[in-house]
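The values are calculated or read from the model by the stated rules, or taken from the named source; none is laboratory data. Computed from a prediction, not measured in an experiment: that's the story for all the values here. Positions of Cβ are generated from backbone atoms using ideal geometry, with glycine treated the same way; all protein chains shown enter the neighbour counts. The accessibility values were calculated without ligands, DNA or RNA, using every heavy atom of the protein model including side chains. Shrake-Rupley method; radii C 1.70, N 1.55, O 1.52, S 1.80 Å.
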Amino acid sequence: MKHNTMLYSQILSAKSKGRKLLAILIDPDKVATEAVPVLAEKINQSPATHILVGGSSFDGHHLDEIIIALKKETTLPVLLFPGNPSQISAEADGILFLQLLSGRNPDYLVEHQIDAVPILEKTKLEIISTGYILIESGAETAVERVSKTKPLSKTNIDYISQTAKAGEFIGNKLVYLEAGSGAKHAVSTAIIKAVKERILVPLIVGGGIRSKKQIDEAYQAGADLVVIGTAFENDLNFFD
Ligand code: 1GP
């Protein structure tokens, strides 16, 4: 099956025009299908440009239903943000095909990716190779627990940007700096700046961002796309 290709071009075009992107993350473990219409209405009223769907330990059980329900109510592109290969749905538009570059667990560097191939080959999902870098954020996060990997030290900024650049050299089309969902501290602007200066591909930043001010600071520092999960989950009027 031929895979879609439009979403990445749109991200590149937004980056070249300096148009900042915003993704709302939906963790299907925390959302019932019946709740989607209200959620989607709020998403439509927000400045979001993308919807990410996924979670660290979700088993994929009602993923298709959630995405079908979302697509009924909103025209925003839906990108999978999977914690494992069971979180693949042909109903989405694309997938962040993640490689956990900060960790040294082969499952999350290559094994899950190989397992995902036969599933992805049956879909048209746009596959966007994404270097995923977990940064220390003050407490253990679900990504750390589930992947059994350590985040990168937030003080070794040069090593973080070196890791991001390695992702780009490997062929990652996006780099995602992740503090972890509900993180105590978001990725610092110093880290975002250093990574931005070193890479050419678009930069995603997420984890622990709780205010509009923090979103703006991440953009100012160089994030092309900011991800908001918990703050919106806790307050559907977050963007009002
Ligand atoms: C998590 O980066 C995302 O993978 C979003 O994090 O839930 O803290 O917004 P929050």
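For the stretch 82-91, does any single residue satisfy the condition of being surrounded by 21 or more Cβ atoms within 10 Å (Cβ to Cβ) and of a type in the set (S, T, N, Q)? Yes: one or more hits. Among the candidates 137, 188, 129, the residue that is in contact with a Lys or Arg (Cβ under 7 Å, 6 or more places away or on another chain), open to solvent by less than 10 Å² (accessible area, probe 1.4 Å) and touching a residue at least 12 places away in the same chain (Cβ under 8 Å) is uniquely 137. Among the residues of the stretch 8-44, how many are open to solvent by 60 Å² or more (accessible area, probe 1.4 Å), outside any helix (DSSP H, G or I) and touching a Phe, Trp or Tyr at 6+ places or on another chain (Cβ under 7 Å)? Counting residues in the stretch 8-44 that are open to solvent by 60 Å² or more (accessible area, probe 1.4 Å), outside any helix (DSSP H, G or I) and touching a Phe, Trp or Tyr at 6+ places or on another chain (Cβ under 7 Å) gives 1. Screening residue 219 on (1) outside any helix (DSSP H, G or I); (2) touching a Lys or Arg at 6+ places or on another chain (Cβ under 6 Å) shows it passes everything except condition (1).
Inspect all residues belonging to the stretch 230-240 and state whether any of them is hydroxyl-bearing (Ser, Thr, Tyr), buried (at least 16 other Cβ atoms within 10 Å of the Cβ) and within 10 Å of the ligand (Cβ to nearest atom). Looking for residues that are hydroxyl-bearing (Ser, Thr, Tyr), buried (at least 16 other Cβ atoms within 10 Å of the Cβ) and within 10 Å of the ligand (Cβ to nearest atom), one finds at least one in the stretch 230-240, hence yes.
Listed by first and then second residue, the pairs linking a residue in the stretch 75-98 that is without any contact (Cβ under 8 Å) to a residue 24 or more places away in the chain and over 19 Å from residue 114 (Cβ atoms) to a residue that is in a helix (DSSP H, G or I) and open to solvent by 30 Å² or more (accessible area, probe 1.4 Å), with Cβ atoms under 9 Å apart and 6 or more places separating them unless they lie on different chains, are 75/44.
When the residues of the stretch 51-81 are filtered to those that are open to solvent by 10 Å² or more (accessible area, probe 1.4 Å) and not in a loop (DSSP other than H, G, I, E, B), the one that is nearest to residue 11 (Cα to Cα) is 71.
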